[in-house]
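Student: To start, I am sharing the structure in question, which I have written as structure tokens.
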Amino acid sequence: MMSPDPFSYWIVLLDIEDFSLRPENAQATLHEELYEVVGFALGRAGLGLADCPVQDRGDGMLILVPIGTSPTRLLRELQRGLEDALLAHRAKYNEDHRMRLRVGLNQGLVIRQGERWTGTAINDLARLVDAGPVKRVLAEARRAQLVLVVSESVHTAVVLGRYPGIDPAAYLPADFVTKHGEPRRGWVTVPGYAAPPGLPADPGEPPGGATGGASALGGTAGRAGGGTDSGSTVPPPKLTARDVTNSQFAVGEGAKAVGRDDVAGNVYYINPPRDER
């Protein structure tokens with residue numbers, strides 16, 4: 001049986017923080033309120049829930065936005081609309097019913113077979129939203145209502161365009177490794193913060209050529225979900241004696257030699273290499 005042809009969409013994924021830890025009555029309220037919050041935010045972007053296919057995920061929503069939608073308006077107004085709606089929600093409810101969101105945005109191909117949606121772009125977005133560094137940013141940004149993560153392709157095409165209302169300086173990269181050992185990179189921003197807390201300002205190049213799932217020609221890899229193994233950050237490279245030239249080093253407390261010349265633990269330079277000074 002031939003697979004249906006895919007269509008291109010802007011893909012939005014929302015997940016309520018700590019949803020499963022809430023009492024059942026609070027979960028029911030949050031689930032209902034999420035539709036109000038999202039409906040308001042989409043309205044700011046010139047859309048309605050009736051315009052976009054929606055997949056209910058219990059503790060969140062997966063939304064397919066028509067590709068003809070302006071990506072700059074979608075990114076700018078979705079973020080602002082969610083922030084305003086979440087602030088209004090907080091004013092109505094106590095702390096048990098507080099709603100904070102992890103929100104992701106990607107673009108790519110999706111195959112729709114009734115209620116079953118598949119595509120690499122969906123899988124990659126689910127991994128971004130579920131990544132450990134993204135969760136930690138929201139945990140540290142206690143006064144924030146949401147954290148937004150975009151794929152590498154959206155960051156390059158939309159954020160770096162410096163369009164009105166979109167500040168590239170407010171985004172920082174978040175690197176992590178999926179449960180399958182694949183390095184990934186997303187770009188994170190937090191409304192109300194100059195930069196997302198808990199992320200290094202200069203993490204260097206993407207690990208292992210990570211693209212954050214930037215394929216705009218997304219395939220049909222399984223059901224959406226993916227995720228990370230606790231969202232582990234990318235492990236640091238292992239230092240070997242061959243990596244140190246024209247200098248000496250000493251091994252600090254807790255360090256040990258591995259094999260013939262690998263060093264694990266704390267390394268202190270006696271005469272730092274020229275490019276480290």
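The values are calculated or read from the model by the stated rules, or taken from the named source; none is laboratory data. On a predicted model such as this, the values are computed, not experimentally measured, just so you know. With ideal geometry, Cβ positions are generated from the backbone for all residues, glycine too; neighbour counts draw on all protein chains shown. Only protein heavy atoms, including side chains, enter the accessible area calculation; ligands, DNA and RNA are left aside. Shrake-Rupley method; radii C 1.70, N 1.55, O 1.52, S 1.80 Å.
Student: Looking at (1) surrounded by 22 or more Cβ atoms within 10 Å (Cβ to Cβ); (2) at pLDDT below 95, which one does TYR93 not meet, given that it meets all the others?
Tutor: (1)
Student: Filter the stretch 160-181 down to residues that are in contact with a Leu (Cβ under 9 Å, 6 or more places away or on another chain) and small (Gly, Ala, Ser) and give me whichever is nearest to ARG136 (Cα to Cα).
Tutor: Top of the filtered list is ALA174.
Student: Testing LEU82 on (1) open to solvent by less than 80 Å² (accessible area, probe 1.4 Å); (2) over 30 Å from MET2 (Cβ atoms); (3) without any contact (Cβ under 8 Å) to a residue 24 or more places away in the chain, one condition comes back false. Which one is that?
Tutor: (3)
Student: Within the stretch 140-174, how many residues are open to solvent by 50 Å² or more (accessible area, probe 1.4 Å) and within 16 Å of the chain's Cα centre (by Cα)?
Tutor: 2
Student: Right, something else. Would you be able to tell me the number of residues in the stretch 10-29 that are of a type in the set (Gly, Ala, Ser) and either within 19 Å of ASP130 (Cα to Cα) or assigned to a strand (DSSP E or B) (or both)?
Tutor: So the answer is 1.
Student: Could you pull out the residue among GLU77, GLU32 that is open to solvent by 60 Å² or more (accessible area, probe 1.4 Å), part of a helix (DSSP H, G or I) and either free of Cβ contacts under 8 Å to residues at least 40 places away in the same chain or within 25 Å of LEU160 (Cβ to Cβ) (or both)?
Tutor: GLU32
Student: Further question on the same structure: For the stretch 4-29, name all the residues that are surrounded by fewer than 19 Cβ atoms within 10 Å (Cβ to Cβ) and in contact with an Asp or Glu (Cβ under 6 Å, 6 or more places away or on another chain).
Tutor: Result: PHE19, ALA26.
Student: Specify which of the listed residues (GLY186, GLY161) is closer than 21 Å to LYS135 by Cβ and not aliphatic (A, V, I, L, M).
Tutor: GLY186
Student: Against the conditions (1) surrounded by fewer than 16 Cβ atoms within 10 Å (Cβ to Cβ); (2) touching an Asp or Glu at 6+ places or on another chain (Cβ under 8 Å); (3) part of a helix (DSSP H, G or I), where does GLY46 fall short? Just the number, please.
Tutor: (3)
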